[in-house]
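Chemist: Take this structure first; my questions come after.
Only the coordinates and a few stated rules stand behind these numbers; no lab work does. This one's a predicted model, so the numbers in the text were calculated from it and none came from an experiment. With ideal geometry, Cβ positions are generated from the backbone for all residues, glycine too; neighbour counts draw on all protein chains shown.
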Amino acid sequence: MTVTLHNTLTKNIDEVSPLNPEQVTIYSCGPTVYDHVHIGNLSAFIVADVLRRALAENYPSVKHVMNFTDIDDKTIRRSREEFPDDRPADALKNLTSKYGDQFLSDMRAIGNDIDALTFIKAADDSTIEGMRQLITELHEKGFAYISDDGVYFNIDAYKKSGKKYGQLVEITEDNTSSERIHNDEYDKESAHDFALWKKRKDDEPSWDFALDGHDLHGRPGWHIECSVMSRLELGQPFDIHTGGIDLAFPHHENEIAQSTAGHDDPTYATTFVHNEHILVDGKKMSKSEQNFFTLADLLANTIDPLAFRLLVLQSHYRKPTNFSIDNAQAAHNRLQHWRAIAALRHQTTYSHNGELSSLQSIDTIRDAISDDLNTPEALRIIDETFSNLEAHSVATIDQQALVDLLSAIDKMLGLQLLQTTPDISDEQKSLIKEREHARQSKDWSRSDELRATLDSQGIVVRDTPDGSVWEYA
């Protein structure tokens, strides 16, 4: 089976056809590690994680690379604020290490498999050297020029060479306005040109760079970083580039330009996958709007980070997700219900092929996810399967079929239903049995006392016509 995806490059739903049939390659734009990542950004990483899982189900091997942006205006400015007494290079390293570790912790909390990722940093020595080499190559071929404050990419020269600038989005006055590309506003020849390298300013970390007799001691621009990091890990071209829709322009468009300038092959990546925004009151979640939430905010509202993952999966990645604490709480309740279903595997020993029809459910879930990551349809199938399951007596549930289904859901969607629903202790099971005996003897006082004891331990007991069923509070 194959995976299909909406390709921003072609504007079509395309079948993933790896350049190397033995391995699909993915590059995902990672975090700028200067602060806690808000959940709007985390949603892009959830989409990328589910994409990798879908590909792993259908292709022999997947290599997934994600970068850390640890050199840019934001990281440098914040490092001076948090570590004012350190040397600039040390301050930057201390800041980005701190928030890089926090990002990895957040990734684990939302169910992303960080062990399946290859991480690379912009500040790595190999990356810096790769950027110097690419900039030198672009300058020698006439696609970059030296200015008073750095080196810039020449978009006019790129277009005159026969390449198209505007492959992902239509270039308009609105998206090339000074406000839209303000982070590259330096001494450039054209409003569209962007910085490849910036000369050092006071109190900034910097690296040696000499070009055409000019001393350009300084640091890289933002866009050049991803071109080099993807090339170092995946070569060029590679298969799939992911990121939020706001990265399509200028970031990804500029990556394409600087990576393909002077090359006969115009391809940087064959497929670009962009996810839509998380919205709050109809507006994109962002730090500049001060309308953002972090995982810490969710935890303060007793919302499981995996419930946020479920909330993201409830919308198709190409449609915006409306976020509110109420919506997150609803997703939390849905996840708790699914965990109650998962806990049933500890309460049955029945085994009879076909009772749950898990294999059919697994196949239809896989089909949905393989169809342009149709996670809403996958969740609908899971709800339907669980509803059918609940219509049966617990004693007749096929234990192995349920385990197989839960394993498949966890593997494809990362919801950790098995991991978060361990069996209860023998002592707690004894309390449940004792309570059943008390009910049979109509000792309601003892029954209520035992229920309260279990409640205090986070175990909720439901009475059904077929006996007691427990789940986690």
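Chemist: What are the lysines whose alpha-carbon lies under 17 Å from the alpha-carbon of K433, with same-chain residues fewer than 8 places away excluded?
Modeler: K442
Chemist: Points 7 angstrom from Cα along the Cβ direction at D86 and V469: gap in nanometres?
Modeler: 5.3
Chemist: Within straight cross-link reach of K164, meaning Cα distance under 27 Å, which lysines are found once same-chain residues fewer than 8 apart are removed?
Modeler: K11, K141, K188, K198
Chemist: Could you give the length gained on full extension between H337 and D208, defined as 0.36 nm per residue of separation minus the Cα-Cα distance, in nm?
Modeler: Separation in residues times 0.36 nm, less the Cα-Cα distance, equals 40.7 nm.
Chemist: Farthest toward the dipole's positive end in segment 426-472, which of S430, Q440, V461, given Cβ charges of +1 (Lys, Arg) and -1 (Asp, Glu) about the Cα centre?
Modeler: So the residue we want is Q440.
Chemist: Expressed in nm to one decimal, what extension gain is obtained for the pair S105 and K287 from 0.36 nm per residue of sequence separation less their Cα-Cα distance?
Modeler: Using 0.36 nm per residue and subtracting the Cα-Cα distance, I get 63.5 nm.
Chemist: Another question, if that's okay. Nearest 10 degrees, 0 to 90: what angle lies between the long axis of helix 399-413 and the longest principal axis of the chain (Cα atoms)?
Modeler: 20
Chemist: Express the relative contact order of the chain as a whole percentage, based on alpha carbon pairs under 8 Å and six or more residues apart in sequence.
Modeler: Over the chain, the number comes to 16 percent.
Chemist: Another one. Which value in deg cm²/dmol, rounded to the nearest 500, describes the helix-derived mean residue ellipticity at 222 nm for the chain, given -39,500 (n - 2.57) per DSSP H run of n ≥ 4 and division by the residue count?
Modeler: Roughly -13500 deg cm²/dmol at 222 nm, from the helical runs in the chain.
Chemist: May I pose another question? What aspartates and glutamates does K284 reach when the alpha-carbon gap must be under 19 Å and sequence neighbours fewer than 8 apart in one chain are set aside?
Modeler: D35, D174, E179, D246, E276, D297, D326
Chemist: Would segment 4-275 count as rounded, prolate or oblate if I go by the C-alpha gyration tensor, calling it rounded below 1.5 in a/c and otherwise prolate when a/b exceeds b/c, oblate otherwise? Write down the numbers at each step before the final one.
Modeler: On the way: a/c = 1.70, a/b = 1.14, b/c = 1.49.
Because a/c hits 1.5 or more and a/b fails to exceed b/c, segment 4-275 counts as oblate.
Chemist: Moving on to the next point. What is the distance in Å between the Cα centroid of segment 105-157 and that of segment 358-423?
Modeler: Between the Cα centres of segment 105-157 and segment 358-423 lies a distance of 41 Å.
Chemist: Restricting to the chain, what percent of DSSP beta bridges are antiparallel, rounded to 5?
Modeler: Here the share of antiparallel DSSP bridges comes out near 55 percent.
Chemist: So for segment 426-472, averaging the separation of alpha carbon pairs under 8 Å that are six or more residues apart and normalising by length, what relative contact order in percent results?
Modeler: About 29 percent, as a whole number.
Chemist: Sticking with the crude label model, points 7 Å out along Cα→Cβ, report the distance from Q419 to D404 in nm, one decimal please.
Modeler: It works out to 2.4 nm between the two label points.
Chemist: Go ahead and run the numbers for FRET between E377 and S441, Cβ-Cβ distance against an R0 of 56 Å, rounding to 0.05.
Modeler: So the FRET efficiency works out to roughly 0.70.
Chemist: How far is helix 358-370 tilted off the main Cα axis of the chain, in degrees rounded to 10, range 0 to 90?
Modeler: 20
Chemist: Here is a follow-up. Between D14 and D73, what's the calculated FRET efficiency when r is the beta-carbon distance and R0 is 51 Å? Round to 0.05.
Modeler: Efficiency, rounded to the nearest 0.05: 0.90.
Chemist: What do you get for the angle between helix 325-343 and the principal long axis of the chain? Use alpha-carbon atoms, 0 to 90 degrees, nearest ten.
Modeler: 50
Chemist: To the nearest 0.05, how large is the calculated FRET efficiency for E140 and L299 if R₀ is 45 Å and r is the Cβ-Cβ distance? Walk me through the numbers before you get to the answer.
Modeler: Working: r = 52 Å, r/R0 = 1.16.
Working from the Cβ atoms, E equals 0.30.
Chemist: Same structure again: Summing Lys, Arg as +1 and Asp, Glu as -1, what charge do residues with Cβ under 12 Å from the Cβ of V62 carry, V62 excluded?
Modeler: -2
Chemist: Something else about it: Given the C-alpha centroids of segment 254-280 and segment 68-104, what is the distance between them in whole angstrom?
Modeler: The distance from the Cα centre of segment 254-280 to that of segment 68-104 comes to 27 Å.
Chemist: Which entries of K63/K121; K163/K319; K93/K201 show an alpha-carbon separation above 20 angstrom in the structure shown?
Modeler: Values: K63/K121 17 Å; K163/K319 31 Å; K93/K201 18 Å.
Table pairs above 20 Å Cα-Cα are K163/K319.
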